[in-house]
1. Looking at SER284, SER276, SER316, which one is over 28 Å from THR169 (Cα atoms) and out of contact with any Phe, Trp or Tyr (no Cβ under 6 Å at 6 or more places or on another chain)?
2. Could you identify the single residue in SER150, SER129 that is modelled with pLDDT of 95 or more and surrounded by fewer than 19 Cβ atoms within 10 Å (Cβ to Cβ)?
3. From the list ALA270, ALA286, ALA299, which one is buried (at least 19 other Cβ atoms within 10 Å of the Cβ) and outside any strand (DSSP E or B)?
4. Filter region 192-209 for residues that are among the hydroxyl-bearing types (Ser, Thr, Tyr) and touching a residue at least 12 places away in the same chain (Cβ under 8 Å); which is nearest to GLU246 (Cα to Cα)?
5. Scan region 233-253 for residues that are in contact with a Lys or Arg (Cβ under 8 Å, 6 or more places away or on another chain) and in a strand (DSSP E or B) and report the count.
6. Please find, within region 302-317, the residue that is surrounded by the fewest Cβ atoms within 10 Å (Cβ to Cβ) out of those that are among the hydroxyl-bearing types (Ser, Thr, Tyr) and at pLDDT below 95.
7. Which residues, taken from region 135-147, are in a loop (DSSP other than H, G, I, E, B) and either open to solvent by less than 50 Å² (accessible area, probe 1.4 Å) or of a type outside the set (S, T, N, Q) (or both)?
8. Suppose we filter ASP280, ASP329 for residues that are within 13 Å of ASP248 (Cβ to Cβ), charged (D, E, K, R) and open to solvent by 10 Å² or more (accessible area, probe 1.4 Å); which single one remains?
Amino acid sequence: MKLNIKSLKLLYVLTALVFLYNCSSDGSDGDNPRSNNTISGLSVTVNVVGTNNNNLYGNGSGVVNFSAQAIGAVSYGFIVDGGNEVISTDGSYQHTFNTKEGIDYHIIIVNAYASNNDSINVSKNIAVSYYVGETPFWADEFFQPGAPSSANWTYDLGAGGWGNNESQTYTNNSGNVKVANGILKITAKSSGSGYTSSRLKSVGLVEFKYGRVDVKAKLPGSAGTWPAIWMLGANFSSVGWPRCGEIDIMEQTGWNKNKTLATCHWYDTASSGHASYGLDANISNADSQFHIYSLVWDANSIKILVDDVQIYVISSNNSSINSTPFQKDFFFILNVAMGGSLGGDIPANFTEDSMEIDYIRVYQ
């Protein structure tokens with residue numbers, strides 16, 4: 001995988017600055033510790049095991065080491081996410097966050113106790129990664145509420161149909177795209193005079209060649225919506241489409257919500273034109289339950305799976321794909337279109353509907 005190093009370094013520096021602020025020697029990170037005459041100066045250092053430029057929230061083991069010091073303290077207590085207090089006489093404590101896979105915030109309260117039972121405390125809010133089995137090389141777990149991370153995502157904005165006679169105008173407004181409760185939500189809405197939605201892309205930020213991609217998503221169920229989880233060649237701006245290549249991990253038409261589509265597009269030099277190969281697969285409860293849409297991509301083939309069942313395969317070095325766009329870096333696109341060639345007719349009573357994404361994980 002090739003990630004945008006400038007964005008990673010900036011995020012790493014910002015994370016480090018926040019971390020240093022949170023772990024300042026006066027113990028303040030929003031809640032100042034209580035002070036008295038017998039105990040003072042509580043400081044806490046936090047080491048998320050395996051943190052580096054590519055793993056800002058640890059190596060996926062969930063292991064975090066804490067070290068607390070205070071003047072006059074004879075013992076320390078650690079309370080993790082409102083659980084039972086664990087007492088340490090020397091201020092050291094190790095905890096493994098393994099109750100939820102992915103990246104999540106955790107609240108830790110550290111108490112320092114004097115011999116006369118006086119105490120002071122600080123609280124910490126830290127982000128830690130935990131994965132069962134292999135740790136992704138890159139992931140967006142959407143654990144930070146608000147706008148999607150600018151280290152991973154930018155936007156296509158505006159109207160014009162995007163080449164498929166679509167009806168929406170793409171925005172980056174919070175009404176159309178936001179992260180809340182660990183979920184990315186892309187919402188298509190009726191504006192009265194038209195439709196708005198959002199289209200995220202990782203171009204220039206997250207680009208890679210080969211690996212396995214898992215996207216856990218719930219799809220809109222309204223007729224007229226055209227959700228897509230797909231990828232374009234990173235050289236799109238220089239060679240255009242379809243020469244850059246396209247991998248559609250998941251598309252769904254606006255008229256059949258019981259199927260998903262998997263397709264590859266490329267430029268065929270033999271015919272001097274666009275070529276494609278696609279298949280559909282039956283799916284149940286796509287709008288009410290999360291399913292995992294996967295890509296398994298290497299130098300020899302492209303496979304697409306739904307809930308770990310293969311529904312599509314194409315040889316990526318097939319002689320018919322003789323421009324070999326699938327041997328180069330690609331980037332992600334996530335969007336919900338309205339109408340157009342695969343959205344179809346939009347009901348007059350349509351108000352809004354959303355695609356929700358729990359996570360995107362890339363393994364190499």
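1. Exactly one of SER284, SER276, SER316 is over 28 Å from THR169 (Cα atoms) and out of contact with any Phe, Trp or Tyr (no Cβ under 6 Å at 6 or more places or on another chain), namely SER284.
2. Residue meeting the stated conditions: SER150.
3. Only one candidate passes the filter, namely ALA286.
4. The qualifying residue nearest to GLU246 (Cα to Cα) is SER202.
5. Here the count works out to 1.
6. First, the residues of region 302-317 that are among the hydroxyl-bearing types (Ser, Thr, Tyr): 312, 315-316.
Filter again for at pLDDT below 95, leaving 315-316.
Working: SER315: 13, SER316: 22.
Taking the candidates together, the pick is SER315.
7. Hits for region 135-147 are THR135, PRO136, PHE137, GLU141, PHE142, PHE143, PRO145, ALA147.
8. Working: ASP329 fails: within 13 Å of ASP248 (Cβ to Cβ).
Within the list ASP280, ASP329, the selection yields ASP280.
The values are calculated or read from the model by the stated rules, or taken from the named source; none is laboratory data. The shown structure was predicted, so the numbers you read here are calculated from the model rather than taken from an experiment. Note: ideal-geometry Cβ built from the backbone for every residue, glycine included; neighbour counts use all protein chains shown. Only protein heavy atoms, including side chains, enter the accessible area calculation; ligands, DNA and RNA are left aside. Shrake-Rupley method; radii C 1.70, N 1.55, O 1.52, S 1.80 Å.
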